[in-house]
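Reading through the structure tokens given below for one structure.
The values are calculated or read from the model by the stated rules, or taken from the named source; none is laboratory data. The structure presented is a predicted model; accordingly, all values stated were derived computationally and were not measured. Counting neighbours? That spans all protein chains shown, and the Cβs are built from the backbone with ideal geometry, glycine included. Side chains are part of the model used for accessible areas, which takes the heavy atoms of the whole protein and leaves out ligands, DNA and RNA. Shrake-Rupley method; radii C 1.70, N 1.55, O 1.52, S 1.80 Å.
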Amino acid sequence: LTTATLPERLEAALVALGPPTVRCAAALVDVADVHASHPDEAAHVAGAVLRRRAEHAGGRTLLSRLTGAPRPIATDGQRRPVPPPGWVWSLAHDDDVVVAVATTDPEVLALGVDVEPFRALEPAMVRIIRRGDDADLDPLLLFVIKEATYKAWSVLGGRLLEHHDVRVCAGDGEAGTVRAIVPSATDGAEFHGRYSAVDGRWLALVIARSRSASSSLSRAAT
Ligand SMILES: CC(C)(COP(=O)(O)OP(=O)(O)OC[C@H]1O[C@@H](n2cnc3c(N)ncnc32)[C@H](O)[C@@H]1OP(=O)(O)O)[C@@H](O)C(=O)NCCC(=O)NCCS
């Protein structure tokens, strides 16, 4: 029997997904965060419904808590929250929760996180998400891994991607581990992903590592 709250369980799951150098946090979507948010942050979602304003503010509250970043946290032209120098970070929300990850680890070039509540997807949506050569995973999980990959890819300056632009391959044999690649990318960009199921949600954390870290990882795997 556990008495941990949903955010505590999500936070623990995220910690288990990442290397120790990645800080993780989770919180419920809470309208109180809207009142605490900076007007410059709120301006980005001024016309949105209250729940959207709450998740936006909640994400920034978590990022600031994780990193000490002063508010307001700026948003760039690609909708990305702008981290302080030396940090990389990512956030995601579903209807109930906000999750965030951040690190100053120099071997981590970019992070991507995503969370989605379990649901069945229409066959047409599955076709949009799944490539023929993707790992044999639940389509919603593939979606979550691909969205997290896109966030990390975008932080590295990558273009807008379709789901079919990302191939999800089996990882190094460890359960819950995948590699995501963008086959059309000339530099062979590769992302390391880990996922788990928490309270009826898929949670994925994707990391782009520096080339030196990636090659030492693959050496370790052979
Ligand atoms: C970025 C994107 C994946 C976010 O997905 P979402 O379901 O809208 O929302 P999530 O809760 O998962 O994540 C939203 C957060 O991601 C972050 N984000 C938004 N755009 C981002 C980008 N280009 N790069 C990195 N992070 C981004 C923001 O922090 C955002 O929250 P905020 O607006 O409150 O600050 C989506 O909006 C998007 O731009 N998709 C187009 C590309 C795509 O999905 N291709 C298919 C997969 S390869």
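Got a sec? Which of 54, 152, 110 is within 13 Å of the ligand (Cβ to nearest atom), within 30 Å of residue 36 (Cα to Cα), at pLDDT 95 or above and part of a strand (DSSP E or B)?
Of 54, 152, 110, the one residue that is within 13 Å of the ligand (Cβ to nearest atom), within 30 Å of residue 36 (Cα to Cα), at pLDDT 95 or above and part of a strand (DSSP E or B) is 110.
Starting from residues that are within 23 Å of the chain's Cα centre (by Cα) and among the acidic types (Asp, Glu), keep the ones in the stretch 28-58 and report whichever is surrounded by the most Cβ atoms within 10 Å (Cβ to Cβ).
The selected residue is 55.
Go through (1) near the ligand (Cβ under 8 Å from one of its atoms); (2) without any contact (Cβ under 8 Å) to a residue 60 or more places away in the chain; (3) under 26 Å from residue 6 (Cα atoms) for residue 116 and report which single condition fails.
(2)
What pairs can you find where one residue is in the stretch 63-85 and without any contact (Cβ under 8 Å) to a residue 40 or more places away in the chain and more than 11 Å from the ligand (Cβ to nearest atom), the other is open to solvent by 50 Å² or more (accessible area, probe 1.4 Å) and assigned to a helix (DSSP H, G or I), and their Cβ atoms are less than 6 Å apart, with a gap of 6+ or different chains?
Hits for this filter: 72/40.
Can you pull out the residues in the stretch 161-171 that are surrounded by 13 or more Cβ atoms within 10 Å (Cβ to Cβ) and in a loop (DSSP other than H, G, I, E, B)?
The answer is 161, 166, 171.
If you go through the stretch 59-82, how many residues are open to solvent by less than 70 Å² (accessible area, probe 1.4 Å) and of a type outside the set (A, V, I, L, M, F, W, C)? Please lay out each step first, then the result.
Going through the stretch 59-82, the residues open to solvent by less than 70 Å² (accessible area, probe 1.4 Å) turn out to be 59-64, 66-69, 72-76, 80-82.
Keeping just the survivors that are of a type outside the set (A, V, I, L, M, F, W, C) gives 59-61, 64, 67-68, 72, 75-76, 80-81.
Result for the stretch 59-82: 11.
Select from the stretch 1-27 the residues that are touching a helix residue (DSSP H, G or I) at 6+ places or on another chain (Cβ under 6 Å) and open to solvent by 30 Å² or more (accessible area, probe 1.4 Å) and list them in ascending order.
Hit for the stretch 1-27 is 23, nothing else.
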